[in-house]
Structures are given as C-alpha cells and as structure tokens.
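Structure first, then comments.
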Amino acid sequence: MSLFSQLFSKKTATEAPKEEQTADSVMLRNEFDSHPSKGITPARLASILERAEQGDLTAQAELFMDMEEKDGHVQAEMHKRKMAVIGLDWHLQPPHDASEAEKKATGLLESRIRDMLDVEDVLFDALDAIGHGYSCLELEWQQDKIGWFPEIKHRSPRWFCIDPEHPNVVRLRSPAQLHGEPLRDLGWILHQHKSRSGDLARTGIHRALVWPFLFKNYSVRDLAEMLEIYGLPIRIGKYSPGATEKEKKTLMRAIMSLGHNAGGIMPDSMEMELITATASGGSDPFKAMIDWCESTQSKVILGNALSTMDSRGGSQALGTVHNDVRLDIRNSDARQLASTLSGYLIYPVAMLNGLFANDRCPTWKFDTQEADDLALYADALPKLAAAGAIIPIRYITEKLKIPERENDEPILSIPATAPPTLPKPDLAATAGRRFTLDQQTIESLADAMPMKSPIDTIAVASAIRAATSPEDLELRLAIVLGDADLTQFSQALERALFAADVMGYAHAD
C-alpha cells in the first residue's frame, strides 16, 4: 500500500462526502471566544496549558489567537514566517518513472488547481499550524462537468480537541462524544506542523511564546501607569477639623475634577495643595523587559532577532549566518506543508477523478532552490567544460534558476562575429627564407605590430643564452638595457609571445 493510500480508509475512486462534517455543528458555530488573555495571570496560564495537555485545546487555542491579535510583534513575525513559504513557486511533480499519460494527467491536475483554488489563501490558513501545532481546513466537494473538486474552508482551531489516549490525533469537538469525533476521510486538510518534538498540544511554537507574552503585558501595563502618573502633580485637599462628611465629599469631587477639567470649586474654608511628582529610575527597566520579550519572540519564530531588532547591530557575516538559519526554517516549513497537501488535497482529487492508480500520485513541490552567483558560474563553467568535465544542461538551469525553453519561444543570443582576416604573404619576398608559408604569415603579422625605437636584440638574446638562473638573467638584462625605455622592451616581448601563440594554434594537431 502506498504512502498516500495509507492516509485514508478503503474507498472507491468516485466516493466523496455528501456534506460537510460541520454542517450541523450548531454548538461550534454559536460559541463565542472567551478571550482568556484578559486578566491573564501566571497561575491561570499554567492551568490553560495543563488542560490542553489533557485533551481540552479550546482555551489554549483562544489564548494563541489573542496573542496574535493583541501583540503586534508576534503578529508581524508570524506573518514574515508564513509569507516566506507562500512566496515560493510550486508545481506538481509526476510520480517516479512516470509514463506520458501520467505526466499529462499531472499537468491537467496542476492547471485545475491553479484555476479553481486561491492557493495563497489555502497556504496561509494551513500555515496557522506553525503556531497552534495543527490547522484544519474542511473540504466541501462539488461536481461539475470536469469532475470533483473541493471548496476549502478554514475552521477555527478552538473547534478541535484530542483524545488523551491518542494525544497526536485531532478530533472534532462534539456534544455526543466526550473526546470528540474523528475527522471524516476525504473531508479535511489536516496540517500538523512540528516545531518541536512531543504530543500535539505541545508542538506549536506559541507554547514557547506565552510566557514572554505574559511578561511583556505586565511591563507594558506598568510602563503605561508610570507614564500616566509621572509629571502630574499630586493634589492634596485640606479641610478643617470640624468638616462634615458632605464637605469632605465636596472637597474630593473638586480635587478629582481639577485633575481632568483643570478647574473646580470648593468652600473657602478648605485648601488644596499641588505637590510636584518625581520619579526615580525612569522607563528604562520597563523598556529593557519589553525588548527582551520581543527579542525572545523573534528568536522563537524566525530563529534570530538581527533582522527585527532595530537596536541591535551586526556584521555582514553574522547577517549571512542568520539568513541561512531563516532559509533552513522556511525550507522545513515548506517540506512539511508540501507533504500535507500531497496527501490531503492532491491524492483525493486525483483518486476521485480517476486520474491515477491507487499506488501512483503526483506530489506537491515547493521550489526552495536559491539562484547561485551567475557571474561565478559564467566564469567557471567554460573552464570546467574545456577541462573535460561533463556538465548536464539541467544542472545549470537548476543552479542558476534559468527556466528551460518552451516550444519555439525566442532566446537570448550573441551575434556571431567574423574572424579577423590575416594579411596575405608576399611570396616573392619569402624566397630563400627559412620559414614555411604559414610561418611567414605569422611573422608578417608580428612585423606589422608597432615598434617605436629599436633595442639591441642581439645583446638581449646573448644575455638570455648566457644566464644560468632567473636572478642571473635579471642582472644581465639590467646591464644590457641600461637606460632604455622598458615600455619598448615590453612591446617586444608582447610581439614575440603573440607570434608564438598564433603559430601554436596554427600547427596544433
């Protein structure tokens, strides 16, 4: 039995759920979130986490949703992580050793998905599992002239629970069953995302974010109170010893209205004194705690804080390391999501429409390959090919992210240039010389190169033949050349080397 067919019970290729499993779930649809983050305390938070480990995921799911709604930093970092995957290109890959019919069916299935689904929304909703540990998208199957295809709807994570005896199996909450009912085959896309090892209730990364979220809330509240009080004068009212309760209340109302309205009245027998408030320590301790909480949140979600903390600096090398970590996280998220989509979306659509045999099915693939340095390959590949390396074109297109040509579409090309025309040798002038016809052609070309003033080439040749070492040659040439212009000597060497190179190409086997 294939990996795909193991995901579902035995069904025929034309059997689809008649209606949504949640169609009659009045209890779930009429429930309102309790927002457990309101007035959250360490004791209450610990209780919520413990209940989730025992199978009740409702309060934990509601808390996680509150965190993304109330904490702008968490929401922004989670959005970055999701969009890193959503921005990837994707395609359906035919099964191994696919036949032409299977390749054609894979192309038709991919076109159908691109035309019928808002893929970006599906990916975004499925990646909600990064925080919660799971994400459930319900399939509402519909049949048209082409075949079966689902409408996909995201369901709130608070609708689900787990059976304590099976802590990794997601179930739909139901008043008829204590630990919920199992999800129907072919009715759901269930993405269980592993950010850490353990039971389902503890695999979401929001479990690691709840404590920084709590501490940050305390610090923000304390900072707000400090800013509200700091700088405002303390208002003290004084009344005579014989003042009545009515007079005292009148004085209190006057003091309170003075704080908001900058004015008030009171009997002349009473006094009011304004004392300037002073504060020691300032806001730095609160900001330090908030910065620590947000730095921890960034590390948990993105693997680093360098790209999000404005107060932090870093070298280019450190930035490169952090970028590699970010890519590793993105690629892991993409692989997990691709596996889910292959099993819970591609397989059901393919089977219900009879496109493939039960043990054959295409898979969803994200393109996580980064384009390599084009200039580096442009320099290295010709040298490797000239040295005898066998380099498939497919390797180059994958490394450089260059798409293969389709049909007869135009391609980039460089116009061919005509080879240089060599001067024809003067046969009469070469009579009696020791050169062949080809050699004389090269000599004529070398003679045509500009040479401003002569150098004693005989003395230079004698120095070269007599030298016994490079150091000895350097000394002899220094004596022979004397005050000569070394530019001329360089031109002479270029002339000789050019003639030698061309002669070598002309007579190579």
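Yes or no, residue by residue, for (1) out of contact with any Phe, Trp or Tyr (no Cβ under 7 Å at 6 or more places or on another chain); (2) aliphatic (A, V, I, L, M); (3) buried (at least 19 other Cβ atoms within 10 Å of the Cβ); (4) more than 19 Å from ASP367 (Cα to Cα):
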residue: ASP66; (1), (2), (3), (4): yes, no, no, yes
residue: LYS80; (1), (2), (3), (4): yes, no, no, no
residue: ALA126; (1), (2), (3), (4): yes, yes, yes, no
residue: ARG173; (1), (2), (3), (4): no, no, yes, yes
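What number of residues in segment 20-66 are assigned to a loop (DSSP other than H, G, I, E, B) and under 16 Å from HIS154 (Cα atoms)? Explain how you work it out, then say what you get.
Residues of segment 20-66 assigned to a loop (DSSP other than H, G, I, E, B): 20-25, 31-41, 54-57.
Checking which are under 16 Å from HIS154 (Cα atoms) leaves us with 20-23, 25.
Qualifying residue count for the region: 5.
Please go through segment 153-171 and pick out each residue that is closer than 27 Å to ILE113 by Cα and crowded, with 18+ Cβ neighbours inside 10 Å. Show your work before the answer.
Narrowing segment 153-171 to residues closer than 27 Å to ILE113 by Cα: 153-157, 170.
Within segment 153-171, ARG155, PRO157, VAL170 qualify.
Filtering segment 350-386 down to residues that are among the basic types (Lys, Arg) and at pLDDT 80 or above, which residue is farthest from the chain's Cα centre (by Cα)? Give the steps one after another, and end with the answer.
Start the filter on segment 350-386 by keeping residues that are among the basic types (Lys, Arg), which leaves 360, 365, 383.
Narrowing the set further to residues that are at pLDDT 80 or above leaves 360, 365.
On the way: ARG360: 31, LYS365: 15 Å.
Here the answer is ARG360.
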| Tally of residues being part of a loop (DSSP other than H, G, I, E, B), of a type outside the set (A, V, I, L, M, F, W, C) and either out of contact with any Leu (no Cβ under 6 Å at 6 or more places or on another chain) or outside the structural domain of GLU20 (by TED's automatic domain parsing) (or both) across segment 107-142 | 2
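Would you confirm, using the coordinates I've provided, whether CYS161 is under 25 Å from SER34 (Cα atoms), modelled with pLDDT of 95 or more, part of a strand (DSSP E or B) and in contact with a strand residue (DSSP E or B) (Cβ under 6 Å, 6 or more places away or on another chain)? Give the steps one after another, and end with the answer.
Details: under 25 Å from SER34 (Cα atoms): yes; modelled with pLDDT of 95 or more: no; part of a strand (DSSP E or B): yes; in contact with a strand residue (DSSP E or B) (Cβ under 6 Å, 6 or more places away or on another chain): yes.
When the stated conditions are applied, CYS161 does not pass them.
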| task | Answer with yes or no whether ILE189 is β-branched (Val, Ile, Thr), closer than 18 Å to GLU19 by Cβ and modelled with pLDDT of 90 or more. | result | yes
| query | Does segment 121-147 hold any residues that are charged (D, E, K, R) and under 20 Å from the mean Cα position of the chain (by Cα), and which are they? | reply | ASP121, ASP125, ASP128
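Do the conditions hold for LYS80, that is, is it at pLDDT 90 or above and under 30 Å from GLY303 (Cα atoms)?
On the way: at pLDDT 90 or above: yes; under 30 Å from GLY303 (Cα atoms): yes.
It is true that LYS80 is at pLDDT 90 or above and under 30 Å from GLY303 (Cα atoms).
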| query | How do the pairs read when you match residues in segment 402-415 that are under 22 Å from GLU370 (Cβ atoms) and of a type in the set (Asp, Glu) with residues anywhere that are at pLDDT 70 or above and surrounded by 10 or more Cβ atoms within 10 Å (Cβ to Cβ), using Cβ under 7 Å and keeping only pairs 6 or more apart or on different chains? | reply | GLU404/THR397
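The values are calculated or read from the model by the stated rules, or taken from the named source; none is laboratory data. Only a predicted model underlies this, so the values are computations on that prediction, with no experimental measurement involved. Virtual Cβ from ideal backbone geometry, glycine too; neighbours counted across all protein chains shown.
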